[in-house]
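Working notes for the structure below.
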């Protein structure tokens, strides 16, 4: 079981990195090829695409994974297969229902009434076509997860991502603009459905064989199973929708008050601001099972060590990254969108959002710790409250401050979510906050930030400036005596996973040992 967990976690981690990189490639290509106005139209569709996909899935993929795994554990393979089929029926119904709802009711209302932008009608209607394909592949991914075949999830994601990028790029290049980009998404998801069905039919037989001849499952039994699945999925979908709104509600509000150009500038800056989350979410993914195990064993000392180190090592990397992104926002956008430098207008949003991502990083880690020690509803309530606060702040700040107002509203909401979540972590785990380490990280980042402030903010100085900032931050950490011997060993173990980059980090750690512990 331990090998399954480690192997599955590693595969999903690699898949998530590839999926996130693929998402960035798709967004960057579309931004460059479409231009701010058309990319703004695409940007306004993406939140609704995510929301309707989540609603249509009904929170069922995790339910499928849970119950398939449970039935497999007790060798009830007939029930495992039936769980997949019953959930698939529910999800197909929901996918078709929400797809039709989006095409004929929601999209026209959004385009003409809420947004007041008729040009968004057809792109929003195409979102309704994406929905059924996305929920069907979601059901199969839940089945793959239930039997620990995480590589099958990665395969279908790879097909989806590659199809989206290739078809969307081709359609945009032949002049189909935003509509072409969205049709590429439809084809990407449809191809992933084909891949999922193929894998399920030809490679899942040994894990979930065909139903036994004596297996009897009545309509009443199926309704009971459906009720069990739906009951489990309700908290999941509430959490998923709330988290999605935290990410996207500013774009939805901007669609009401701002132009497509403004939305395009914000949509170009947003994914860059979230780059530091790769680190914090990776740590959050690791801390959840670790804290769960320590809590189950009632090993309070180990639990407190995990909590303290999770915050410390996340902030060690995330804080300087966020500060650097904020200070170098303009040259970063100018280099990334070199084909259309108009996107530099999103620099203010990028700078503000980058700081907000520091708060969200701490919130993400705190959420995983709280879930790991058996309190999943606390983060759900905080997320729901955070989504409401984000919406209210955006509604008042976007009309007067534009995209900078949306970024500031989101950042404030992230701060307000972080505070209670951190409070519950320290209260429930009885852990003492690593105040000294956090203060030293902030002080070292401040030194780096002051140094970076005087570096010219031009494309020519961007990469030399980043390199110089890394060196200054490193020596600032030594100056404030951040490193302890146990930190060196932990970081050395961590760096061993990063190949050539890890060797560079290891050499830097050797230098720290000579400077800090020479006596």
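The values are calculated or read from the model by the stated rules, or taken from the named source; none is laboratory data. All values derive from a computational prediction rather than experimental measurement. Heads up, the Cβs are rebuilt from the backbone with ideal geometry, glycines too, and the neighbour counts pull from every protein chain shown.
Out of all the residues in the stretch 108-126, is one or more over 21 Å from residue 38 (Cβ atoms) and assigned by TED's automatic domain parsing to the domain that holds residue 73?
Yes, the stretch 108-126 has at least one match.
Report whether or not residue 462 is at pLDDT below 90, touching a helix residue (DSSP H, G or I) at 6+ places or on another chain (Cβ under 9 Å) and not in a loop (DSSP other than H, G, I, E, B).
Taking the combined requirement at face value, the residue does not satisfy it.
Considering the stretch 355-379 alone, what residues qualify as being more than 12 Å from residue 417 (Cβ to Cβ) and in contact (Cβ under 8 Å) with a residue 60 or more places away in the chain?
357, 358, 365, 368, 369, 371, 372, 373, 374, 376, 377
Could you say which residue among 398, 384 is at pLDDT below 95, assigned to a helix (DSSP H, G or I) and in contact with a helix residue (DSSP H, G or I) (Cβ under 7 Å, 6 or more places away or on another chain)?
Being at pLDDT below 95, assigned to a helix (DSSP H, G or I) and in contact with a helix residue (DSSP H, G or I) (Cβ under 7 Å, 6 or more places away or on another chain) holds for just one of 398, 384, which is 384.
Mind listing just one residue for me: the one in the stretch 150-163 that is modelled with pLDDT under 85 and surrounded by fewer than 20 Cβ atoms within 10 Å (Cβ to Cβ) and, of those, nearest to residue 186 (Cα to Cα)?
Among those that are modelled with pLDDT under 85 and surrounded by fewer than 20 Cβ atoms within 10 Å (Cβ to Cβ), it is 154.
Any idea which of 45, 83, 54 is closer than 21 Å to residue 264 by Cβ, surrounded by 18 or more Cβ atoms within 10 Å (Cβ to Cβ) and touching a residue at least 40 places away in the same chain (Cβ under 8 Å)?
Just one listed residue meets the conditions, 45.
Going by the structure shown, is residue 166 free of Cβ contacts under 8 Å to residues at least 24 places away in the same chain, in the same structural domain as residue 20 (by TED's automatic domain parsing) and either surrounded by fewer than 20 Cβ atoms within 10 Å (Cβ to Cβ) or outside any helix (DSSP H, G or I) (or both)? If you could, list the steps in order and put the result at the bottom.
On the way: free of Cβ contacts under 8 Å to residues at least 24 places away in the same chain: yes; in the same structural domain as residue 20 (by TED's automatic domain parsing): yes; either surrounded by fewer than 20 Cβ atoms within 10 Å (Cβ to Cβ) or outside any helix (DSSP H, G or I) (or both): yes.
Against the criterion (free of Cβ contacts under 8 Å to residues at least 24 places away in the same chain, in the same structural domain as residue 20 (by TED's automatic domain parsing) and either surrounded by fewer than 20 Cβ atoms within 10 Å (Cβ to Cβ) or outside any helix (DSSP H, G or I) (or both)), residue 166 qualifies.
Filter the stretch 464-482 for residues that are free of Cβ contacts under 8 Å to residues at least 12 places away in the same chain and farther than 11 Å from residue 448 by Cβ and give the result.
Those that are free of Cβ contacts under 8 Å to residues at least 12 places away in the same chain and farther than 11 Å from residue 448 by Cβ: 464, 467.
Test residue 439 against the stated conditions and say whether it is at pLDDT 90 or above, surrounded by 12 or more Cβ atoms within 10 Å (Cβ to Cβ) and not assigned by TED's automatic domain parsing to the domain that holds residue 314.
Numbers: at pLDDT 90 or above: yes; surrounded by 12 or more Cβ atoms within 10 Å (Cβ to Cβ): yes; not assigned by TED's automatic domain parsing to the domain that holds residue 314: no.
It is false that residue 439 is at pLDDT 90 or above, surrounded by 12 or more Cβ atoms within 10 Å (Cβ to Cβ) and not assigned by TED's automatic domain parsing to the domain that holds residue 314.
For residue 180, all conditions in the list (1) at pLDDT 95 or above; (2) surrounded by fewer than 19 Cβ atoms within 10 Å (Cβ to Cβ) hold save one; what is the number of the exception?
(2)
Conditions (1) modelled with pLDDT under 80; (2) crowded, with 20+ Cβ neighbours inside 10 Å; (3) in contact with a helix residue (DSSP H, G or I) (Cβ under 8 Å, 6 or more places away or on another chain), marked per residue:
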position	(1), (2), (3)
264	no, yes, yes
285	yes, no, yes
297	yes, no, no
303	no, yes, yes
307	no, yes, yes
